[in-house]
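The values are calculated or read from the model by the stated rules, or taken from the named source; none is laboratory data. Values in this document were obtained by computation on a predicted structure and should not be read as measured data. Here the Cβ is made from the backbone with ideal geometry for all residues, glycine too, and neighbour counts use every protein chain on show. Please note that ligands, DNA and RNA were not included when accessible areas were found on the heavy atoms of the full protein model with its side chains. Shrake-Rupley method; radii C 1.70, N 1.55, O 1.52, S 1.80 Å.
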Amino acid sequence: MRRTHVTWRAGDHALECGLRTLVMGILNVTPDSFSDGGRYLDPELAVSRGVEMAAEGADILDVGGESTRPGSDPVSPAEERDRVVPVIKRLTAETDVPISIDTRKAEVAAAAIEAGASIVNDVSAADDPAMFGVARDGAAGLVLMHMRGEPKTMQDDPHYDDVVAEVRAYLADRAAAAEAAGIERERLCLDPGLGFGKSSSHSLQLMRENAALAELGYPLLVGPSRKSFIRDALGDAPIDRRREGSLGAVAYLAAHGAHIVRVHDVRPTVEVLRVVDAILSS
């Protein structure tokens, strides 16, 4: 399918979604994220990796200070803020790409915006009642993601009668709530939340029917990178053997309506997408 073209506004940035597939690079400054926990906890290493991803072609850098992997425990707002703010300040000064803060906490989002972030990536779709106000007042782009339950328990036998219809309805409802709170439509982005309160089968169904989510008319962000459904499709592949599977998922998503993909492996993703986008635009 040919992607719809929409402009996603984030701070002073205007991201043209649909002309090509945009890449959001993952930068976890945490000790316990499922794939790269501990690798970039040192701010110097985190900034270096962020600058490297920008040079590799990342369109957005997504900085997170709290793991939301299955079974993870929450951290305090103060600890999360202390992890991310120094990194965001440096990246804002050293790169030109928009910086996203991956957080469920409004006070962390506010501190990140003050430090230079222009996107709030909220896996809870603004479960914190103050989040809409923070995003609105900061003129930030806001990603609303679907998650069933909490990270600690979300993978405890998740059930849906129709996962695509239920996720689609939820995202439409949260987007409507954001607009009712005064956030401009062009500042919103939706994410089906692959692997968040979903079995591998649920995630695969959401990918297969990705176009149904894109039809909502908002920029669509999808994060397949190194997820458990890739592990299962490859026959219990460990994390360090999921890159090619992740690239396969990215190629499918780009060809079926996704505007943005959130990934760990930026350079190979950019190269795959150049080919997919060339085919789509030919």
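On a per residue basis, the chain carries 40 Å² of accessible surface, using protein heavy atoms and a 1.4 Å probe. When only the Cβ of Lys, Arg, Asp and Glu is charged (+1, +1, -1, -1), the dipole of the chain relative to its Cα centre reaches about 600 debye. Taking amide H as placed 1.01 Å from N in the peptide plane, residue 102 has its amide H under 5 Å from the amide H of 63, 64, 65, 121, each at least 5 places away in sequence or on another chain.
Report in % the part of the accessible area of the chain that belongs to carbon and sulfur, leaving out ligands and nucleic acids; probe 1.4 Å.
On the way: 5640 of 11380 Å².
Solvent-exposed carbon and sulfur of the chain make up 50 percent of the total.
Excluding same-chain neighbours fewer than eight residues apart, the aspartates and glutamates reachable from residue 89 by a Cα-Cα span under 17 Å are 12, 42, 44, 52, 62, 79, 80, 102, 107, 114. The solvent-accessible area of residue 152, taken with every protein chain present and a 1.4 Å probe, is close to 110 Å².
When the P(r) is computed for the chain, the part past 31 Å accounts for 17% of the Cα-Cα pairs.
Antiparallel beta bridges, as assigned by DSSP with both residues in the stretch 1-94, represent about 50 percent of the total such bridges.
A dipole drawn for the chain from +1 and -1 charges on Cβ atoms has a positive end, and of 212, 172, 25 the residue lying farthest that way is 212. For every helix of n ≥ 4 consecutive DSSP H residues, a contribution of -39,500 (n - 2.57) applies; sum these over the chain, divide by its total residues, and give [θ] at 222 nm rounded to the nearest 500 deg cm²/dmol. Taken over the chain, the calculation gives -12500 deg cm²/dmol. When both bridge partners sit in the chain, DSSP labels roughly 15% of those beta bridges antiparallel. When all protein chains stay in place and ligands, DNA and RNA are ignored, the 1.4 Å accessible-area order of 104, 90, 274, largest first, is 274, 90, 104.
One decimal place: the segment residue 12-residue 237 gains 76.9 nm when fully extended, by the rule 0.36 nm per residue minus the C-alpha distance. Straight Cα distances below 22 angstrom link residue 227 to the lysines 152, 198, with same-chain residues fewer than 8 positions distant left out.
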